[in-house]
Amino acid sequence: MVALFLSSCSGIKPGATKSGKKYYETFFVGEEGTQFFVKPFIFENRKLNEEAHLDFTFRYKDNLNSNARINYSLYVNEIIRTVDSMNITTPIINITNTENTLLFNERTKNNFKSRFSTEVPMRSLKKLFENDDWEIHVYAQGKKHTFYSSNKTNKKVEALNHNVFVLFQ
């Protein structure tokens, strides 16, 4: 009877924000501090059956005076060779990047995957993580592609802000 009670209690989890450790990896890089890799977030446009996946890499030691790299993959119904601009918006910040480097293109099962890279100031990235309601707008080849964060992505953003970005000054 006691074993049944203890095993049933082990399944109870607190409702607090998770540590977020499964959403990122850290690497010590000596004099340059710690390198962070934030695993991909998925943004969707369900009407068009398209997705954007964003991941982030940055280093932090004492301050936010560096840049972070955003790598993003667009899963859309056409090959995208050039991006005029990529825009990430929340109710508190708007980040626009006009320098987007094509990494590669490949065919997927239902769409094409176009992978790009860009940089943003660390201060802007920290501000971005203060709100979990993101929209991604990609202007490419005369078209606008819009992607929205899912509830799962919102929870990842909240966990990362609460456990990682809050530590940076």
Looking at region 84-169, what strands (runs of 3 or more DSSP E) fall wholly within it and have at least 3 residues that are free of Cβ contacts under 8 Å to residues at least 24 places away in the same chain? 101-107
I'd like the full set of residues that are under 25 Å from Glu158 (Cα atoms) and open to solvent by less than 40 Å² (accessible area, probe 1.4 Å), limited to region 127-146. Leu128, Phe129, Asn131, Trp134, Ile136, His137, Val138, His145, Thr146
For region 137-156, give me each residue that is polar (S, T, N, Q) and over 18 Å from the mean Cα position of the chain (by Cα). Gln141
Taking region 111-123 and keeping only residues that are at pLDDT 95 or above and open to solvent by less than 30 Å² (accessible area, probe 1.4 Å), one is left with Ser114, Phe116, Ser117, Thr118, Val120
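The values are calculated or read from the model by the stated rules, or taken from the named source; none is laboratory data. On a predicted model such as this, the values are computed, not experimentally measured, just so you know. Reconstructed Cβ throughout: ideal geometry from the backbone, glycine too, with neighbour counts over all protein chains shown. What goes into the accessible areas is simple: the full protein's heavy atoms, side chains included, and nothing from ligands, DNA or RNA. Shrake-Rupley method; radii C 1.70, N 1.55, O 1.52, S 1.80 Å.
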